[in-house]
Each structure stands twice: as C-alpha cells, then as structure tokens.
Amino acid sequence: MSDTTVQANQAEREAYYARVGKTEHLSPLWTTTLVPPLPHLYVKAQPHLWDFDNEMRALLLEAGGLITPKEANRRVLNLVNPGFNGQPKILESLYAGLQMILPGECAPAHKHTPSALRFIMEGKGAWTAVSGERSFMEPGDFIITPSMTWHDHGHDGDGPFFWMDGLDIPIVGCFGAMFFEAYPQDRAPQTREPGDSNARYGANMRPVTGSWDKPESPIFHYPYSRSREALETLRKNGELDPYDGVKLEYIDPTRGGAAMPTISAFLQLLPKGFRTETYRTTENIVFSPVEGIGKIVVGEPGAEKEIAFKPRDIFAVPCWVPFRLEADSEACLFSYSDRVSQQKLGLWRDVRGNA
Ligand code: GTQ
C-alpha cells in the first residue's frame, strides 16, 4: 500500500505547531524523540564515585554538630548524581544517602511507601528496629526496611556510626504513590526479641504453622560474616564467572527472589588481579566496596573512564553504560540495583561482551 501525499509546506506546519503549542496540553509526537532506539537519551545519570573516607565522612561529622537526627528526621547526605541538576537521585530509578548517628541519638520511628536498605559502613553499637524487632548492625551487614514497615534507629555504643541508605524513591515517585507517616512516639514498641526473624526464617528452615504473605523477605538483617564466608568457600572451590567473579544475591528465603519487591542486592568477590569482562545491562547499579582496592572502567568504547575504588566508596553505574571491574587486591563489593523491578516489568536485558 502506498502512502498518500500532502501538499503542506514548512511554514504551514510551523503555524500548526504554534497553534497546537498554544493549547499547552497537546503536542505533535513527530516533532519529539519519544521512543529512541537506545536508552542514552533517557539516561541522564553519569557514572560517578563518592569518596567516604576523604569527603563524605568529615561532612557528616560536621552535620553532627549542626543538627540532631530528631530535628532532621534523618541526618543524611543525599548522593546527587551530577547528571540530575541537584535532584536527589543517584540513578534514574534509585536514591542513595549516607546517614550518621551518634551515641545516645534517636532517629525517630516512621514508615513510608518507598522500600529502604541499609549497608553498614563504620561503627559499633548502633541498632535499627524494623517491625518491632531490634538488630545490632556491624560493618558490611545488609538490612532491609520494606515498604510501610515502622523503623527507627538508635546508638548505645561509642563513636559515630555510618551507613548507606538505598531507596526506590524515584520508582515510587514515578507512580505518584508516595506516603509517609511518623509514629506518634520516638520509638515504636519492641514486639519481638532480637534475632527472632532470623531464627524463624534464617536457618534454612521455616515455621511449620502459619504462612508468610508479605511481598518482602521475613529476614531483615543479613550479617556480613555469613555472606562473606559463603563467597570465600565458592572462591576456594574455583567458582569464577568471567563477568561477576563470585556473586551472590540476598534473597527472600520464602520465595527465592530478591529480598524486597523493587530493589535487588548482591555481594561479590573478585580475587586479586581478577578483571571482569565488559558488561552492559539496563539495570541501574550502585556499588560499595567493603574490602580491597581496584578500578571500574566505565563508558562507551573509546570514551571509557577509569575510576579507582577503595573500601566504603560508593559508585554509580547508569543503565546501558558498559563497564568492567578490576581488582588490584582481593575485593569484596556490595551492590544494589533495580534489576527485580525491571524484570517484573519485562524490561531487563543485558549484553555480555562489547556488543
Ligand atoms: O532512614 O528512613 O536516606 O526515610 C532517606 C529517607 C533514609 C530512613 C534516607 C528515609 C530514610
């Protein structure tokens, strides 16, 4: 079938666009690039690294002398990707923050629709309470605060305590479904003993009666020691993927999928001298090394940037930007991403190699 022709000249078209533009509520699709062939136009985030030891730590300590967590609600520095003009997002779909609590302080109880994770950077003696159960946090531990669960943080030890917050705020925001509620008191009541959920669901067993019907993992605290030991055993057994080294995902043991419905999280081990192959994925990924030094080589072929990493740095790899990791010493990296969200929506894809 042949297309019919129109006689309109450019001036007539421009006049039409001007008239449509005046309506303010209509625009011609064909003058915009709404669905480009590749993600680049949509991905404003840039690959970027934030330095904990030499930059963020001191700034947060300074904030400690300026405001309490009670007044601030949370004493957090947002990690603002340079591609977003100050909008507090680390990647298109993800938020990251760095939080500090001092001995005796209280980050008051609240709940919200965004799902949150904590990844512990430094300190001893702080705890977080999720759904009435307290849990003491250690560096390298992974903790989830699922959507609409009451949570508060406290610190009974010595010295400042730091962790990274990872939230799906931009995902919730794109649906508009943002809700927040403060608990009437600073502390939500303790309704379960510490260790209760790990005893019920964290020993490769589950309660015989009753069933777990929430969309997130019933385990909310994943200690570093256990995850690290598992990676070490697999490394010793020679299990090395060319793209990942040894990489394990934190799961919801009742379903086998990601620990929360929207955010995936991983821990990975790269032996000294190991270089991953170049990899590209639609996933938006935030990395934070726990141990070891190395570099990430990130960017389109011919325009790659080399960024050195060390423990407690936080670096962001945007959707569809090729990257590879190199370990100068044995390196253990935590990461979180929007993989599970994209997979549920049928969007996730990856390319292994420089395609
Ligand atoms: O600890 O609940 O970094 O609600 C941002 C929003 C932390 C928290 C953040 C939050 C929290």
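Condition check: in contact with a Lys or Arg (Cβ under 6 Å, 6 or more places away or on another chain) and free of Cβ contacts under 8 Å to residues at least 12 places away in the same chain. Does Glu306 satisfy that?
Details: in contact with a Lys or Arg (Cβ under 6 Å, 6 or more places away or on another chain): yes; free of Cβ contacts under 8 Å to residues at least 12 places away in the same chain: yes.
When the stated conditions are applied, Glu306 passes them.
Within region 123-145, the set of residues being over 15 Å from the mean Cα position of the chain (by Cα) and within 11 Å of the ligand (Cβ to nearest atom) comprises Thr128, Val130. Among the conditions (1) within 13 Å of the ligand (Cβ to nearest atom); (2) assigned to a loop (DSSP other than H, G, I, E, B); (3) crowded, with 17+ Cβ neighbours inside 10 Å, the only one that Val43 does not satisfy is (1). Do the conditions hold for Gly238, that is, is it of a type outside the set (Val, Ile, Thr) and more than 24 Å from Leu94 (Cβ to Cβ)? Criteria met by Gly238. The residues listed here are Pro170, Pro184, Pro207; of these, the one that is within 30 Å of Lys70 (Cβ to Cβ) and free of Cβ contacts under 8 Å to residues at least 60 places away in the same chain is Pro184. Selection of first residues in region 96-113 that are within 29 Å of His48 (Cα to Cα) and free of Cβ contacts under 8 Å to residues at least 60 places away in the same chain and of second residues that are more than 11 Å from the ligand (Cβ to nearest atom) and of a type in the set (Phe, Trp, Tyr), restricted to Cβ pairs under 8 Å at least 6 apart or on distinct chains, gives the following pairs, ordered by first then second residue: Leu102/Phe161. Scoring Glu92 on the criteria (1) within 15 Å of the ligand (Cβ to nearest atom); (2) buried (at least 16 other Cβ atoms within 10 Å of the Cβ); (3) part of a loop (DSSP other than H, G, I, E, B) leaves a single failure, condition (1). Scanning region 148-167 for residues that are away from the ligand (no atom under 11 Å from the Cβ) and over 14 Å from Glu105 (Cα atoms) yields a single hit, Met148.
For region 58-83, the candidate set comprises residues that are within 16 Å of the ligand (Cβ to nearest atom) and in a helix (DSSP H, G or I); within that set, the residue that is surrounded by the fewest Cβ atoms within 10 Å (Cβ to Cβ) is Glu71. Restricting the search to strands (runs of 3 or more DSSP E) fully inside region 124-227 and requiring at least 3 residues that are among the β-branched types (Val, Ile, Thr) and modelled with pLDDT of 95 or more gives 142-145. For region 235-248, residues that are in contact with a Leu (Cβ under 9 Å, 6 or more places away or on another chain) and more than 24 Å from Phe323 (Cα to Cα) total 0.
Out of Ile143, Ile169, report the one residue that is in contact with a Lys or Arg (Cβ under 6 Å, 6 or more places away or on another chain) and closer than 30 Å to Ala58 by Cβ. Before you say what the answer is, go through the steps one by one.
Working: Ile169 fails: in contact with a Lys or Arg (Cβ under 6 Å, 6 or more places away or on another chain).
Unique residue meeting the criteria: Ile143.
Note on region 103-122: residues that are crowded, with 18+ Cβ neighbours inside 10 Å and more than 15 Å from the ligand (Cβ to nearest atom) total 0. Evaluating Ser329 against the criteria (1) closer than 24 Å to Asp165 by Cα; (2) in a loop (DSSP other than H, G, I, E, B) leaves one unmet condition, (1). Given the criteria out of contact with any His (no Cβ under 8 Å at 6 or more places or on another chain), surrounded by 16 or more Cβ atoms within 10 Å (Cβ to Cβ), of a type in the set (Phe, Trp, Tyr) and under 19 Å from Phe119 (Cβ atoms), does Phe220 qualify? Here the answer is yes, as Phe220 does meet what is asked.
Could you list, in sequence order, all residues of region 158-172 that are surrounded by 14 or more Cβ atoms within 10 Å (Cβ to Cβ) and more than 15 Å from the chain's Cα centre (by Cα)? Scanning region 158-172 gives Pro160, Phe161, Phe162.
The values are calculated or read from the model by the stated rules, or taken from the named source; none is laboratory data. As the structure is a prediction and not an experimental result, all values here were calculated from the model. Because the Cβ atoms are built from the backbone with ideal geometry, glycine has one as well, and the counts that use them run over all protein chains shown.
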